[in-house]
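J.: Handing you this structure, nothing more for now.
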Amino acid sequence: MILLSPIKIGRVELKNRVVMPAMHLGYCRDGFVSEQLVEFYRVRARGGVGLIMVGGCAIDKYGHGNMIRIDDDRYIPGLTELVKGVHSEGGKIAAQLFQPGRYSYSFLSGTQPVAPSPVPSKLTGQMPRALTVDEIQEIVEAFAQGAARAKAAGFDAVEAIGSAGYLISQFLSPVTNQRDDEYGGDFERRMRFGLEVARSIRAAVGPDYPVLFRVGGNDFMPGGNTNREMAMFCKRLEEAGVDAFNVTGGWHETRVPQITMAAPRGAFVYLARGIREAVNVPVIACNRINDPELAEEILASGLADLVGMARAMIADPDLVTKTATGQSGAIRKCIGCNQGCLDAVFTMKPVSCLVNARAGRELEKEPQPAQPVKQVLVVGGGPGGMEAARVAARRGHRVTLWEKGPRLGGQLNLAAVPPGREEFGTVVEYYNHELARLGVQIELGKEADEDNIKSFGADAVVMATGAAPIEPPIAGVGQDHVVQAWDVLAGKASTGKKVVIIGGGAVGCETALYLARKGTLNAEALHFLALNNAENWDTLKELATRGVKDVTVVEMQRAAGADIGVSSRWVILQEMRRFGVKTITGATAREINEGGVVLDVQGQEKVLEADTVVLAVGSRSLSDLCEKIKEQLPEVYMVGDAVAPRKALDAIYQGYLAGSVL
């Protein structure tokens, strides 16, 4: 495989072409490297990744409090320990040098953000102060000093972040750079800051030390830079001494989804191709590459020289080793859900992972071989039950799993139905593979009760019986044209043309999208018609976004999607608007009749016509059997929704804990 072949960046040889780009993890306190951070990256190095980027490493006071700092010599000892940890496992490691510009938060840095010009940020809601020329030179020097400290700490390379809308991007873009001096105006002057940063880093580390640049292949900002301008910038950076380019997508403020599962796998590889065609040094393609087969195809097609797999390495630190040893089916693939990573970052929490319960917990003792070996019964094949079965079987227990439905997965199967959410099905594929490999006895269509659980004779029982949808106390709720969202997504209930969905949480919103896209052009048809100029673009766009159903979501709260993670919520709400879903918030359903739904909207009565009313008002735990069994058997564990309705992230972690201790 090309993916597993060596390559050089500058004079440093990497053992393969897999790069783990820098990610904010939130594992540091006051900027100092922690044991948690060292162990996290040491495990990834042991898993075989060719180059690990860490960071961002703040070069000045504008970095965030729980990120790595590199703006003072006092941080070098900790950075050195991080390097030693990665080197001890045969890995290579680079430090990403970070300056956020107007993306800084004053409540974290204690001072007003700075930028090329005083243009407020939609991301932070704060107004930055324009930098003076002297201050610009101080920041250029801070990049150089950060690079020198990275080299002194033993890092194999450094990378400057010139992407995502951070300071270098802000100088380069006419959207945020409105200066009329030597650092603003035409494109040549807007490039000046980034080029000075590159030259200052090169001067600080010497001619033979690898210097990389992280760039956005397209700002995806109205009036911003496109791939054409970025290719020109990269060509100039190469002349300034840059040895490789790490190409990602647009700014944090863009309305183009970048790394949620709504973005197709490898959707932004074309940006790396555009840069690669302009430069003569290695180029790394990034964003939504979670599969070694896709990575190999990218390299074999000549679209890039290396692939960046950041969250894929959080999900499975052994991805490279499993690929090299023919165990691709055992890879836990990142699904782009963002529940444990990006949502955590934006809420100032440490990063974890839905599919990998040990992510961020590498310092904790691994589950040990079973002593004694037990007969374990797991009741329920949802995410929590599957993880409990996997961990228990991996420890050596004899495990049987009962699932009352026709397949494993539980609510993950429903979550995977709405367009753009299909990656949830990848989790089920992984568990099907692993449970079979580990010899778990799976019985589908098996309904559990007190008698058959007791007669089974298990030494330990894990109750993962899940939840059921709530039927709200609304007059008329029992009529034939009233159905549950879960039944709609499962294909058990049909809907008419006019659909009212009561409940605007995650399930309601995703069901609305599923229904609203009925009858729209699919990707293949759109591609065919566009290439053959069959219709103009406006017509094609309408055909691709206007289906055959009239869908309205009714939500009691002031905003829909309140229980959706912050990094995904805006994408789903944007899609709902795009596909014509109407939303009524601050509304309570009072009655359902044959003609529709009677609402109370802030004290005013409103009647919505509806052929079908869909209920999406939440779920309740199916815990009655669990409570009975707990009283009759000595070792019983409850996990997932059986305890209380929760996200898959929490259910899988609970399953991991149960499987570890029984």
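Every read-out reported here was derived from the displayed coordinates using simple, explicitly stated rules and does not represent laboratory data. Because the structure is predicted, anything quoted here is derived from the model rather than measured. Glycine gets a Cβ as well: all are built from the backbone with ideal geometry, and neighbour counts include every protein chain shown.
J.: So if we plug the beta-carbon distance of residue 325 and residue 452 into 1/(1 + (r/R0)^6) with R0 = 35 Å, what FRET efficiency do we get, rounded to 0.05?
T.: E(calc), rounded to 0.05, equals 0.30.
J.: Treating only the Cβ of Lys, Arg, Asp and Glu as charged (+1, +1, -1, -1), what charge dipole size does region 20-100 show about its Cα centre? Round to the nearest 20 debye.
T.: Numbers: 9 positive and 9 negative charges, 48 e Å.
Dipole of region 20-100, to the nearest 20 debye: 240 debye.
J.: Treating cross-link reach as a plain straight distance, find the lysines whose alpha-carbon is under 28 Å from the alpha-carbon of residue 628, omitting any fewer than eight places away in the same chain.
T.: Straight-distance partners of residue 628: 374, 404, 446, 454, 647.
J.: At a 10 Å Cβ-Cβ cut-off, how would you order 71, 600, fewest neighbours first?
T.: By the 10 Å Cβ count, ascending: 600, 71.
J.: Let me ask another. So for the pair residue 607, residue 566, with labels modelled 7 Å out along Cα→Cβ, what separation do we get in nm?
T.: For residue 607 paired with residue 566, the spin-label model returns 4.3 nm.
J.: Out of all DSSP beta bridges in the chain, what portion is antiparallel? Express it as a percent rounded to 5.
T.: Rounded to the nearest five, the antiparallel share is 20 percent.
J.: Hey, how many Å between the Cα centroid of region 272-334 and the Cα centroid of region 534-569?
T.: 32
J.: A follow-up question, please. Taking the number of other C-beta atoms within 10 Å as the exposure measure, put 111, 80 in order starting with the fewest. Numbers along the way, then the final one.
T.: Numbers: 111 11, 80 15.
In order of increasing Cβ crowding within 10 Å: 111, 80.
J.: Let me ask something additional. Of 123, 148, 187, which is farthest along the charge dipole of region 115-235 in the positive direction, counting Lys and Arg as +1 and Asp and Glu as -1 at C-beta?
T.: 123
J.: Return the label of the correct value of P(r) over Cα pairs in 20 Å bins from 0, in percent, as calculated from the structure shown, out of [x] 18, 47, 31, 5, 0; [y] 13, 30, 34, 19, 4, 0; [z] 12, 31, 31, 17, 7, 1, 0.
T.: Recomputing P(r) over Cα pairs in 20 Å bins from 0, in percent here picks out [x].
J.: Tell me the relative contact order for the chain as a rounded percent, counting alpha carbon contacts under 8 Å between residues six or more apart. Each step should come with its number before you reach the end.
T.: Working: 1525 pairs, mean separation 72.2, N = 662.
Relative contact order for the chain comes out at 11 percent.
J.: Test of understanding: ordering 353, 626 by Cβ neighbours within 10 Å, fewest first, what list do you get?
T.: Details: 353 25, 626 22.
With the fewest neighbours first, 353, 626 line up as 626, 353.
J.: Starting from the amide H of residue 596, placed 1.01 Å from N in the peptide plane, find each other amide H under 5 Å away whose residue is 5 or more places distant or on another chain.
T.: 610
J.: Which trypsin sites (Lys or Arg not before Pro) from region 555-589 combine a DSSP loop assignment with at most 16 other Cβ atoms within 10 Å?
T.: 558
J.: Once you charge only the Cβ atoms, +1 for Lys and Arg and -1 for Asp and Glu, what is the size of the charge dipole of the chain about its Cα centre, to the nearest 20 debye? Don't jump to the answer; show the numbers that get you there.
T.: Working: 72 positive and 77 negative charges, 131 e Å.
So the dipole magnitude of the chain works out to roughly 620 debye.
J.: Given a Förster distance of 45 Å, report the FRET efficiency between residue 631 and residue 349 from their Cβ-Cβ distance, rounded to the nearest 0.05.
T.: Once rounded, the FRET efficiency stands at 0.80.
J.: What distance in nm separates the simple spin-label points at residue 524 and residue 35, each placed 7 Å from Cα in the Cβ direction?
T.: Inter-label distance under the simple model: 5.5 nm.
J.: Still on this structure, I have one more. Do the sum for the chain: with -39,500 (n - 2.57) for every DSSP H run of n ≥ 4, divided by all residues, what is the mean residue ellipticity at 222 nm, to the nearest 500 deg cm²/dmol?
T.: My calculation for the chain gives -10000 deg cm²/dmol from helical runs alone.
J.: Next question. Relative to the present Cα-Cα distance, how much length would full extension add between residue 203 and residue 546 at 0.36 nm per residue of separation?
T.: 117.9 nm
J.: For region 529-539, take each phi angle, set θ = phi - 60°, evaluate the Karplus expression 6.51 cos²θ - 1.76 cosθ + 1.60, and give the result in whole Hz per residue in order, putting x for glycine and proline.
T.: Couplings: 5, 5, 5, 9, 6, 5, 9, 6, 5, 4, 5 Hz.
J.: Continuing with this model, one more query. Dipole size in debye (nearest 20) for region 148-277 around its Cα centre, Lys and Arg Cβ +1, Asp and Glu Cβ -1?
T.: 280
J.: Can you tell which of 574, 592, 561 lies farthest toward the positive end of the dipole of region 544-613, using +1 and -1 charges on the Cβ of basic and acidic side chains (Lys, Arg; Asp, Glu)?
T.: Looking along the dipole axis, the top candidate is 574.
J.: Go through 521, 491, 617 and say which Cα lies farthest out towards the positive end of the charge dipole of region 482-617; charges sit on Cβ, +1 for Lys and Arg, -1 for Asp and Glu.
T.: The residue sitting most towards the positive pole is 521.
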